[in-house]
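Asker: Right, I'll just put the structure down here and ask away after.
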Amino acid sequence: MALPHRGWGRWSRRTYAQRVDLSIEDRRRLDGDAGPATQLAMRIVVRLAESMGVDRLLDITGAHVDSCLYHGQSGLDFAGRLVEGGASVAVPTTLNVSSLDLLHPELHRGSEAEGQAARRLAELYERMGCQPTWTCAPYHLENRPSFGEQVAWAESNAIVFANSVLGARTARYGDLIDISAAITGRVPAAGLHLDENRRATVLIRLQDISPDMLDMDQVYPLLGTVVGAASGSRVPVIDGLPAALGEVRLRALGAGAATAGSIGMFHCVGSTPEAPTLDAALGGSEPHEVVDVTAGDLRAVRDQLCTASGPELSSVCLGTPHYSIDEFQNLVALMTGRRVHTDVEFYVSTGRSVLAELELRGWADLLRSAGVTLVVDTCTYVSAVLAPTTGTVMTDSAKWAWYAPGNLGVDVLFAGTAECVESAVAGRVLQDERAWSGV
């Protein structure tokens, strides 16, 4: 994509960096010594720091970029300008989802023009040296950041997982800033990168929720939705959950919280690395707010996530965020010896690395023969994969249930994974209300 050179132009470093302490390498980048694209990216990072009132920058060891998801011409133009200016990422950089399944383009039901644009955008980011991971769950990859490691991640569920579950450190980076950080290897020293901003200020106390209910996987995305709505952009700590929760449940909680709120981190007493105790999560201080959550609150959120009623079922969509091997193991057990009803479309989204493992284990063939369509590189609530429908779509993801009605114009029913499978096989909505009967 050939773009005019306007805007590379001449400018004064002093105009953009009067209040930020810059390294010698930072100044070289601002002066254009590393090329015009790096100069532009550095200007963006420094401007961001100045707008936040931050006086220094930090080195990062990696990045996860969301700008690769096609939203329109402006994102394509920006990526083209970076490539034209010789952009190359300075740290290992993974890519979030695309707008289409690049390995299975036949699944795309959208316009040919949008598909071509999404493919072109993908090519541009790969030309900058980004790894073609195409997943919203980069923590499923072999190399993921360790405790205390400074990174620049975009994609809300990935940000929350990195901070909360891995103990790595990232702010909530949005489109265009994420790739600028990847190119420069620098970010403002602010937000969740710093110790003082990682302490919880909101205490979430679980009240009168039975152990049996807390052993249901579907409770965790619901709890996350409650936590996100109550916390906003603050850091919450959750007290009252079983100790040593697994990553699947913690991830579901974080994804729900990041969807309903704008949090970048949560603590879970006894499960997340910076919350061995409630006092440690709070940093020895009293919480600014205490929120009690009951089983009734979880039921209310479940009802809010359901926009459909009645038995008609058109589709099942799992894998938002992308399904892990552990989640597929559960799904395979539920689907073995069974087949999806002919009137139902069943989709599961995942990353390429997980799909490769599924193929090695023989699970991919098993699921496909049972009528399950495996989608990679994208998520079904952001891409044109589903057929036009007037029937209900079931999901086990609070994030999918939150966004799909607005994005796709479909009616959604949130349920547990087992309920989704039973419904898909039967060809109609089946729900197990026993756990909620006394709520």
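The values are calculated or read from the model by the stated rules, or taken from the named source; none is laboratory data. Here the structure is a predicted model, which is why all the values come from computation and not from measurement. Glycine gets a Cβ as well: all are built from the backbone with ideal geometry, and neighbour counts include every protein chain shown. Calculation scope for accessible area: heavy atoms of the full protein, side chains included, ligands and nucleic acids excluded. Shrake-Rupley method; radii C 1.70, N 1.55, O 1.52, S 1.80 Å.
Asker: May I ask for the longest run of the chain untouched by trypsin sites (Lys or Arg not before Pro) that are loop-located per DSSP and have at most 15 neighbouring C-beta atoms (other than their own) within 10 Å?
Answerer: 110-337
Asker: Hey, another quick one. As an exercise, find the ratio Rg/Rh for the stretch 207-254 from alpha-carbon atoms, using the Kirkwood inverse-distance average for Rh.
Answerer: In the stretch 207-254, Rg relative to Rh is 0.94.
Asker: Another question, if that's okay. With a bin width of 5 angstrom, please list the P(r) values of the stretch 148-229 as percents of all Cα-Cα pairs, from the 0 bin to the one holding the largest distance.
Answerer: Whole-percent P(r) values from 0 Å outward: 3, 12, 19, 21, 15, 12, 9, 5, 3, 1.
Asker: Say R0 is 30 Å: what FRET efficiency, to the nearest 0.05, do S51 and H288 get from their beta-carbon distance?
Answerer: 0.75
Asker: Length gain on complete extension for the stretch A387 to A280, per 0.36 nm per residue less the alpha carbon to alpha carbon distance?
Answerer: 33.6 nm
Asker: Still on this structure: As I understand it, the value is the acute angle between the Cα axis of helix 398-408 and the longest principal axis of the Cα atoms of the chain; what does it come to in degrees, rounded to 10?
Answerer: 80 degrees
Asker: Non-local amide H neighbours of Q131 (under 5 Å, H modeled in plane, Pro and chain starts lacking H): which ones?
Answerer: For Q131, whose amide H was placed from the backbone, the distant partners under 5 Å are T93, T94, L95.
Asker: Which residue, S309, S353, S98, tops the fluctuation ranking in a GNM of the chain built on C-alpha contacts under 10 Å?
Answerer: With Cα springs under 10 Å in the chain, the top fluctuation among S309, S353, S98 is at S309.
Asker: Hey, could you pull the Cα Rg and Dmax for the stretch 132-183, both in Å?
Answerer: Considering the stretch 132-183 through its Cα atoms, Rg and Dmax are 10.3, 26 Å.
Asker: How far is it, in nm, from the label point at R109 to the one at Q150 when both lie 7 Å from their Cα along the line to the Cβ?
Answerer: 4.6 nm
Asker: Which value does Rg/Rh take for the chain over its C-alpha atoms, Rh per Kirkwood?
Answerer: Rg divided by Rh gives 0.99.
Asker: Evaluate the distance, in nm, between pseudo-label points positioned 7 Å from the Cα of E359 and of D215 along their respective Cα→Cβ axes.
Answerer: Result: 3.9 nm between the two label points.
Asker: Percent of accessible area on the chain owned by carbon and sulfur, 1.4 Å probe?
Answerer: After summing per-atom areas, the C and S share lands at 48 percent.
Asker: Which translational diffusion coefficient, to the nearest whole µm²/s, is obtained for the stretch 242-339 from the Stokes-Einstein equation, given a Kirkwood hydrodynamic radius over C-alpha pairs, 37 °C and 0.692 mPa s?
Answerer: It diffuses with D of about 196 µm²/s by this estimate.
Asker: Separate question: Given 20 °C and 1.002 mPa s, how large is the Stokes-Einstein diffusion coefficient of the stretch 195-306 in µm²/s, with Rh as the Kirkwood radius over Cα pairs?
Answerer: This corresponds to a translational diffusion coefficient of 157 µm²/s.
Asker: May I have the pair-distance distribution P(r) for the stretch 283-352, computed from all Cα-Cα distances with 5 Å bins from 0 and rounded to whole percent?
Answerer: 3, 10, 13, 15, 16, 16, 10, 7, 5, 3, 2, 0
Asker: Give the average over all directions of the projected area of the C-alpha convex hull of the stretch 373-439, one decimal, in nm².
Answerer: Hull-based average projected area comes out at 5.3 nm².
Asker: Okay, next question. Spelling out what I want: for every residue of the stretch 315-324, take phi, set θ = phi - 60°, compute 6.51 cos²θ - 1.76 cosθ + 1.60 (Karplus), and round to whole Hz; glycine and proline get x.
Answerer: 8, 10, 10, 10, x, 10, x, 3, 5, 9
Asker: Under the Kirkwood approximation applied to all pairs of distinct alpha-carbon atoms, what is the hydrodynamic radius of the stretch 288-406 in Å?
Answerer: 15.7 Å
Asker: Let me ask another. How tilted is helix 36-51 with respect to the longest principal axis of the chain? Cα atoms for both, answer in degrees (0 to 90, nearest 10).
Answerer: Helix 36-51 sits at roughly 70 degrees to that axis.
Asker: Identify the GluC sites (Glu not before Pro) of the stretch 250-342 meeting these criteria: DSSP loop state and at most 16 other C-beta atoms within 10 Å of the C-beta.
Answerer: Counting only loop positions with at most 16 other Cβ atoms within 10 Å, the GluC sites (Glu not before Pro) in the stretch 250-342 are E312.
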